[in-house]
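Below you'll find the structure, written out as structure tokens, and then a few comments.
Please treat every number below as a calculation from the coordinates, not as lab data. Everything quoted here is computed from the prediction, not taken from an experiment. Counting neighbours? That spans all protein chains shown, and the Cβs are built from the backbone with ideal geometry, glycine included.
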Amino acid sequence: MLDLSAVRSALSEIYDLTPSPALAASMNDTYCRMSRVVSPPDWAIYAPYVRATNQLKKERNAVILGHNYMTPEIFHGVADFVGDSLQLAIKATEVKADVIVQCGVHFMAETSKILSPEKTVLMPDMEAGCSLAESITAEGVAQMRAKYPGAPVVSYVNTTAEVKAASDICCTSANALQIVEAQDSDTVIMTPDKYLAQNVANQSTKKVVWWNGSCIVHELYTVADLRAYREHAPESKIIAHPECTPDVVAEADYTGSTSGIVNWLKQSNAEQVMLVTECSMASNIADELPQVEFAKPCNICPYMKKITLEKILYVLHTMTNQVEVDEAIARDARKSVMRMINLSRQLDI
Ligand code: 13P
Ligand code: SF4
């Protein structure tokens, strides 16, 4: 675990990180992308970290990949590329850098390392896990294969490298239905998210069977919450992530991956929206969509929120928290991830 007081004293010896309204004002082109959700005093605190990190990125030939659930000062301040799990996985295969700092959770950093073994991949906090990734091991995949002989295993990218290696192909929330439909079998095993699997099953021509995992953030939403909200705001659109239960998905006006949600909002003329997903989603697009009023029931992902500007600067400065994946596991996991990426490209997803 990172010792935060040691992190602070190490950083303060090298960088001037005192809050600076003057520096903040000089970085207004960055701030204007988050001014609806980050107050000027908070920006004065973040600005020195953003400046130091962006300078250090150049020295290290590093890029920062930021998931849509990062806080706005990370998402708009230091990330070079932002997106959903599929987009970040594809970006990891394309970037020309020596170092990737993965601002997201551990399975995303592992995916980057699997796809770019020659690059140094840094995690700002190694304890940024995921309830889905923790719910299954390669042994669990073997149990499912024994129960459904011959059925292909489609594993969500929210899994460890070991589980990816034991699977036939990966999927993300952006392509799960199409990946399942493309399998040459009447029965398809999906791991580890039972709700994503059930949501796919409701639209699929296949018999989908699933592992009993769930996301601790999305499973908290209930139909009763959504209906109560609709009563107060009947004009509002409800947008959900497919890690929510099938009942919640049935109640929503649109369901999609985190980037699917962004794209839907950009092309819609909705003025009131309830985002049934992690809190930072709405914050990160609030300035781009000033006409939209967001209701966010706000379930925070405790893993995503372990990533902070301070930890990003620290790992980039010290080059610590390097993610490693066993070579043999990485080779097999790469096959599953690349099958997904190639199929997604072929299907134009
Ligand atoms: P996306 O692939 O939709 O970004 O989802 C990843 C995730 O962890 C959502 O909880
Ligand atoms: Fe995992 Fe859920 Fe957090 Fe996404 S939101 S990283 S699925 S725990």
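Near Val121, once Lys and Arg are set to +1 and Asp and Glu to -1 for all other residues with Cβ below 13 Å from its Cβ, the sum equals 0. Taking other C-beta atoms within 10 Å as the exposure proxy, Tyr254, Tyr221, Tyr49 rank Tyr254, Tyr49, Tyr221 from fewest upward.
Does region 1-137 classify as rounded, prolate or oblate by the C-alpha gyration tensor (a ≥ b ≥ c root eigenvalues; a/c under 1.5 gives rounded; else a/b over b/c gives prolate, otherwise oblate)? Prolate, since a/c reaches 1.5 and a/b exceeds b/c. Remark on the chain: Cys32, Cys103, Cys130, Cys170, Cys171, Cys215, Cys244, Cys301 stand apart, with no other cysteine beta carbon under 4.7 Å. May I ask for the distance between the Cα centers of region 222-270 and region 112-173, given as a whole number of Å? Answer, in whole Å: 28. A dipole drawn for the chain from +1 and -1 charges on Cβ atoms has a positive end, and of Ser204, Ser185, Met34 the residue lying farthest that way is Ser185. Shown for the chain is the translational diffusion coefficient from the Stokes-Einstein equation, using the Kirkwood radius over Cα pairs, a temperature of 25 °C and a viscosity of 0.890 mPa s: 117 µm²/s. Charged side chains reduced to their Cβ positions (Lys and Arg at +1, Asp and Glu at -1) give region 139-200 a dipole of some 140 debye around its Cα centre.
Note on the chain: with a GNM built from Cα contacts shorter than 10 Å, the maximum mean-square fluctuation among Met190, Met126, Met304 falls on Met126.
In region 198-328, Cα pairs under 8 Å separated by at least six residues give a relative contact order of 20 percent. This model, with +1 at the C-beta of Lys and Arg and -1 at the C-beta of Asp and Glu, gives region 110-171 a dipole about its Cα centre of some 260 debye. So how many Lys-Lys pairs in region 1-154 land under 25 Å Cα to Cα, not counting same-chain pairs under 8 apart? Going through region 1-154 pair by pair, I get 12. The spacing between region 293-349 and region 7-23, judged by their C-alpha centroids, is 28 Å. Sorted on the mean count of surrounding Cβ atoms within 10 Å across their residues, most packed first, peptides 238-249, 10-21, 83-94 read 238-249, 83-94, 10-21. Working from Cα pairs under 8 Å separated by at least six residues, relative contact order for the chain is 21 percent. For the peptides 274-280, 342-348, residues were scored by their other Cβ atoms within 10 Å and the scores averaged per peptide; the highest-first order is 274-280, 342-348. Per the Kirkwood formula applied to alpha carbons, region 71-168 shows a radius of gyration over Rh ratio, Rg over Rh, of 1.03. Taken about its Cα centre, region 272-349 carries a charge dipole of roughly 240 debye when the Cβ of each Lys and Arg holds +1 and the Cβ of each Asp and Glu holds -1.
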